[in-house]
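To keep things clear, I will list the structure first and then write my remarks on it.
Please treat every number below as a calculation from the coordinates, not as lab data. As the structure is a computational prediction, the values presented were derived from the model and not from experiment. Methodologically, a virtual Cβ is constructed for each residue, glycine included, from the backbone with ideal geometry; neighbour enumeration extends over all protein chains shown.
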Amino acid sequence: MESSRSFQTKPEPAKVVSETRGNSIRRLTLVSDAWQPQVNGVVTTLNHLVKELTAQGVEVDVIQPQPYPCFPLPTYPEIRLVRRAPALEERLLNFRPDAIHIATEGTLGWAVRKLALKHGLPFTSGYHTKYPEYIHKRFPWIPESWVYKFLKRFHSPAQRTLVPGESIQQELQGKGFKDLRLMSRGVDTDLFNPERRSDLGLPRPIMLYVGRVAPEKNLREFLDLDLPGSKLIVGKGPELDVLQNAYPEAVFVGAKRGEELAKYYASADVFVFPSKTDTFGVVNLEAIASGTPVAAFPVTGPKDILKEGVNGCLNEDLGVAITQALKLDREPIAESIPEFRWPHAAKQFLQNLAPIKK
């Protein structure tokens, strides 16, 4: 091991080299409690980010749950939390990263946060999920303010916390979060594009939802609407069986990936995003890239993506948003989001990292 690139057992506090930020990153430790085989926006974002960084010559060590003993997250058994991570400290130090990014606030995130502080290593963090709202929806006796206080404590030592859009940035600043920076998202237009449109054999208009079938996604507000056509649900989650029984007229097809998922996006007449608690919503980008307009509430996430009357419609009445979106011209939709590309998102990410002086 080259001593010039090694960490000492008790190093001097590392300094952030802001003038070389981004350009100096060749080895990155990326920490995430959410990883494959989970299917959600966080995993999609991080997988594309790693792919883009690798293409740019950055070696990425992804510290994620699979190698370690885990336990299921209550109410979300498919999400696994690490119980203990043997040799995690050695793994972090021996990799000799140029930067550390802690993407999630789970048990792995807290473990690496503790190690970074112990060794005086600067790090950045990511804010992907509105846990306060999610937790309060499941456990109403837990105030959102308590969870936000917990999250502020997690992110406060980070040099910067990366957020996906301006609306969530402003919202968190209003709650006292500091040093927030934007890292946008992208979409794979080779996979998601209008050319995959085909006949799904369902009565039109086809109103599509893609995502977790879970309480915080507010699916009931969509499924309760009295609208002609077909309601098509792609995804799985803790509410799947309950909603299938409650709404037998809706079509539930489970989780889909790759070209099959892309076909559903392109073949729908409108994409419905009923969530009021997402920080962004990568699925909106995938729908738009597929030439399908989006109907959503005017909330954090959709507000940062949709161009009203061009690629979607926002309205406090979701039924009105759907009706208006169905009237839009599909022709220009797929080309309406040139700013959402992964090379641009990766550039933002690299520029906002906190390089470790060695």
Taking R0 as 30 Å, what's the FRET efficiency between L225 and E335 from their Cβ-Cβ distance, rounded to 0.05? 0.50
V310 paired with K175, simple spin-label distance in nm, labels 7 Å along Cα-to-beta-carbon: 3.0
Out-of-range pairs (alpha-carbon distance over 19 Å; input K231/K263; K130/K231; K114/K152; K149/K178; K118/K358): K130/K231
Using 10 Å bins from zero, what percent of all Cα-Cα pairs in the chain falls into each bin? 5, 24, 32, 24, 11, 3, 0
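State the volume of the convex hull built on the alpha-carbon positions of the stretch 194-335, expressed per residue in Å³ and rounded to an integer.
Spread over its residues, the Cα hull of the stretch 194-335 gives 96 Å³ apiece.
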Out of all DSSP beta bridges in the stretch 194-335, what portion is antiparallel? Express it as a percent rounded to 5. 0
Along the Cα→Cβ direction, 7 angstrom out, place labels at D61 and S156. What is the inter-label distance in nm? 2.9
Which of the aspartates and glutamates could be linked to K217 by a straight reach, that is with a Cα gap under 14 Å, when you skip same-chain ones fewer than 8 residues away? E133, E239, D278
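State the antiparallel share, in %, of DSSP beta bridges confined to the chain, rounding to the nearest 5.
Details: 6 of 39 bridges.
Antiparallel bridges: around 15 percent, rounded to the nearest 5.
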